[in-house]
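Student: This is the structure, below, for whatever I ask next.
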Amino acid sequence: METTVDPYFKPLANVLSAQPHAMEKARPIDPAKVASNAEDAELVARTQAGDPAAFDRLVVKFSPRLYGLVYNMTSNHEDTNDLLQDVFAKAYRSITSFRGRSSFYTWMHTIAVNMTINFLKKRGRRFQMSLDDVDSGIQNDTEFIEKTASLSTNPSRQVSLGELQQRLNEAMQKLSSPHRAVVTMFDIQDMPHAEIAKIMGVSEGTVRSRLFYAHKELQNYLDEFRK
């Protein structure tokens, strides 16, 4: 049975190992992504022509990735489920206005990020995580256990996975919504700076600046795990 690494693990590994993760290498054109974008364009055209089944296929295709995006920003499964329904409802209502100036992938992620940021602003408070909000499966995830066990530079210090997970959740929630968004997209979903800039409607320089600040804040908050 395939295990699932907790979505928060990647930024934790990056921050604690002090890797230069705000930098990125040039990425070659991915034929699979080109084909995927072409498929999206076809399904969008069919939806705009009145085929609801085509949009259903887009929902199935984008749900896993958008769920991960929204969940990593809200840290709450119930909020994520509600928001995802609203995101797809808005996309369906607005799809006739989609003109292909960006990829449908970028368009969908822009809707999801903006709606989630607006939701977090309306919530108006720092969300305090409880362990009940964390996937219980992470406690038994072999890969997560092995990797997090090696993060501490002091082998005599045993930090429980529950404590580690809760501290990371708290650290993520201390970031502002825009900073949380760029960390989620860059560190967790492996998006390039240029794509994040399009989604956020800012320059690549702003994306890099936000990443630098967010990584610094996470490092400060999680510093005790490096001792």
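Student: Quick check, is L222 closer than 21 Å to F119 by Cβ, at pLDDT below 90 and buried (at least 18 other Cβ atoms within 10 Å of the Cβ)?
Tutor: It is false that L222 is closer than 21 Å to F119 by Cβ, at pLDDT below 90 and buried (at least 18 other Cβ atoms within 10 Å of the Cβ).
Student: Any idea how many residues of the range 191-207 are in contact (Cβ under 8 Å) with a residue 12 or more places away in the chain and of a type outside the set (A, V, I, L, M, F, W, C)?
Tutor: So the count comes out to 5.
Student: Got a number for residues in the range 174-202 being of a type in the set (D, E, K, R) and on the phi > 0 side of the Ramachandran plot? Lay out the reasoning, then the answer.
Tutor: Initially, the range 174-202 is screened for residues of a type in the set (D, E, K, R), giving 174, 180, 187, 190, 195, 198.
Subsequent filtering for residues that are on the phi > 0 side of the Ramachandran plot retains 190.
Looking only at that region, the number is 1.
Student: Consider only pairs whose beta carbons are under 7 Å apart and that are at least six residues apart or on different chains; among these, list those whose first residue lies in the range 43-54 and is more than 9 Å from I95 (Cα to Cα) and whose second residue is part of a helix (DSSP H, G or I) and charged (D, E, K, R).
Tutor: So the pair list comes out as L43/R57; A54/R46.
Student: Count, please, the residues in the range 206-219 that happen to be at pLDDT 90 or above and of a type outside the set (A, V, I, L, M).
Tutor: Qualifying residue count, the range 206-219: 6.
Student: Based on what the data block shows, is G137 farther than 17 Å from V44 by Cα and at pLDDT below 65?
Tutor: Values: farther than 17 Å from V44 by Cα: yes; at pLDDT below 65: yes.
Here the answer is yes, as G137 does meet what is asked.
Student: Scanning for something at pLDDT below 90, assigned to a helix (DSSP H, G or I), farther than 27 Å from F104 by Cα and hydrophobic (A, V, I, L, M, F, W, C), does the range 185-199 turn up at least one residue?
Tutor: So far as the range 185-199 goes, no, none of its residues is at pLDDT below 90, assigned to a helix (DSSP H, G or I), farther than 27 Å from F104 by Cα and hydrophobic (A, V, I, L, M, F, W, C).
Student: From (1) outside any helix (DSSP H, G or I); (2) at pLDDT 85 or above; (3) surrounded by fewer than 16 Cβ atoms within 10 Å (Cβ to Cβ), pick out the condition that doesn't hold for Q158.
Tutor: So the condition that Q158 fails would be (2).
The values are calculated or read from the model by the stated rules, or taken from the named source; none is laboratory data. Not measured: the values here are computed from a predicted model. Because the Cβ atoms are built from the backbone with ideal geometry, glycine has one as well, and the counts that use them run over all protein chains shown.
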